[in-house]
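Read the structure below first, then the notes.
The values are calculated or read from the model by the stated rules, or taken from the named source; none is laboratory data. The shown structure was predicted, so the numbers you read here are calculated from the model rather than taken from an experiment. Cβ placement follows ideal geometry from the backbone for every residue including glycine, while neighbour counts extend to all protein chains displayed.
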Amino acid sequence: MDIVLATQNKDKIKEIKEILKRLPLKIITFDKHSRELSVDEDGTTLEENAVKKATSWMKETGKPALADDSGLEVDYLNGEPGVYSSRFAGENATYADNNAKLLKLMNGVEKEKRTARFKCVAALVFPDGKKELFQGTIEGTIITEPRGTSGFGYDPIFLIPEYNKTFAELGDEIKNKISHRAAAFKKVGNFLQKISDQ
């Protein structure tokens with residue numbers, strides 16, 4: 001089965017391909033197309049953005065399309081940055097900019113109030129209009145300064161208590177087994193396996 005991966009984020013592409021590598025899929029990414037497709041992520045929820053991206057790419061290519069939207073929800077900040085995670089510090093913010101803004105807002109907050117979770121919603125949209133949604137989450141805490149060099153986004157400041165390491169310290173192999181995106185895309189994989197076996 002051909003599936004279009006509806007993202008232009010190279011870090012996400014690498015991570016999702018790794019998670020789905022055991023499936024009999026041909027994953028088509030944006031670099032195989034003659035032009036990039038820009039989708040305005042103006043939804044108010046992760047679900048809305050994921051469906052919008054997948055639908056746009058499905059219409060563009062005529063193939064089933066898979067998109068995700070992920071966000072970091074910090075309890076002390078009432079669930080922010082959430083759907084605005086990638087542009088928390090502004091439209092053209094870097095990963096470092098977003099981390100710096102979050103750490104500044106959390107400055108002085110005691111350890112037990114620094115709870116947070118990563119949430120991922122994956123949307124799979126078919127040319128016949130059928131769509132499926134899959135969700136994954138992982139709980140953690142926000143530390144006071146970045147640690148580690150692997151991963152991307154908020155990985156250097158998101159600590160996984162069971163490992164006492166940030167996603168950026170754990171490395172890709174472990175992250176791709178336990179992350180919010182891994183949880184959501186494993187569900188995608190199980191669904192695709194089931195329909196390919198029919």
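Looking only at residues in the range 142-174 that are outside any loop (DSSP other than H, G, I, E, B) and in contact (Cβ under 8 Å) with a residue 60 or more places away in the chain, the one that is farthest from L20 (Cα to Cα) is I142.
Kindly establish whether G136 is under 30 Å from D2 (Cα atoms) and part of a loop (DSSP other than H, G, I, E, B). Considered against the rule, which asks whether it is under 30 Å from D2 (Cα atoms) and part of a loop (DSSP other than H, G, I, E, B), G136 comes out as no. Here K52 fulfils each of the conditions (1) surrounded by fewer than 18 Cβ atoms within 10 Å (Cβ to Cβ); (2) on the phi < 0 side of the Ramachandran plot; (3) without any contact (Cβ under 8 Å) to a residue 24 or more places away in the chain apart from (1).
Report whether or not D155 is buried (at least 20 other Cβ atoms within 10 Å of the Cβ) and touching a Cys at 6+ places or on another chain (Cβ under 9 Å). So D155 does not fit the description; no. Within the range 55-94, the residues that satisfy the criterion of being loosely packed, with under 15 Cβ neighbours inside 10 Å and either farther than 26 Å from R114 by Cβ or among the polar types (S, T, N, Q) (or both) are K59, G62, N78, E91, N92, T94. Between K130, K186, K175, the distinction of being surrounded by 21 or more Cβ atoms within 10 Å (Cβ to Cβ) and among the basic types (K, R) belongs to K175 only.
Is one or more of the residues making up the range 84-91 under 21 Å from Y154 (Cα atoms), free of Cβ contacts under 8 Å to residues at least 12 places away in the same chain and among the charged types (D, E, K, R)?
Scanning the range 84-91 turns up at least one residue that is under 21 Å from Y154 (Cα atoms), free of Cβ contacts under 8 Å to residues at least 12 places away in the same chain and among the charged types (D, E, K, R).
Here D42 passes the criteria (1) exposed (fewer than 13 other Cβ atoms within 10 Å of the Cβ); (2) over 17 Å from the mean Cα position of the chain (by Cα); (3) of a type in the set (D, E) except the one numbered (2). Remark: pairs (first residue in the range 183-198, closer than 11 Å to F134 by Cα; second residue surrounded by fewer than 18 Cβ atoms within 10 Å (Cβ to Cβ); Cβ separation under 6 Å; 6+ apart in sequence or on different chains) = A184/Q135; G189/L23. Pairs meeting the criteria (first residue in the range 32-44 and of a type in the set (V, I, T) and modelled with pLDDT of 75 or more, second residue part of a helix (DSSP H, G or I) and surrounded by 10 or more Cβ atoms within 10 Å (Cβ to Cβ), beta carbons under 8 Å, at least 6 apart or on different chains) are V39/K52; V39/K53; V39/S56; V39/W57; T44/V83.
Looking at the range 1-22, I want the residues that are hydroxyl-bearing (S, T, Y) and have a partner that is in a helix (DSSP H, G or I) and modelled with pLDDT under 85 with Cβ atoms under 9 Å, at least 6 apart or on another chain. Which pairs are those? Matching pairs, first to second residue: T7/F30. Scanning for something in a strand (DSSP E or B) and either at pLDDT below 95 or crowded, with 16+ Cβ neighbours inside 10 Å (or both), does the range 101-113 turn up at least one residue? Scanning the range 101-113 turns up no residue that is in a strand (DSSP E or B) and either at pLDDT below 95 or crowded, with 16+ Cβ neighbours inside 10 Å (or both). Only residues that are part of a loop (DSSP other than H, G, I, E, B), crowded, with 17+ Cβ neighbours inside 10 Å and not small (G, A, S) were counted in the range 1-22, giving 2.
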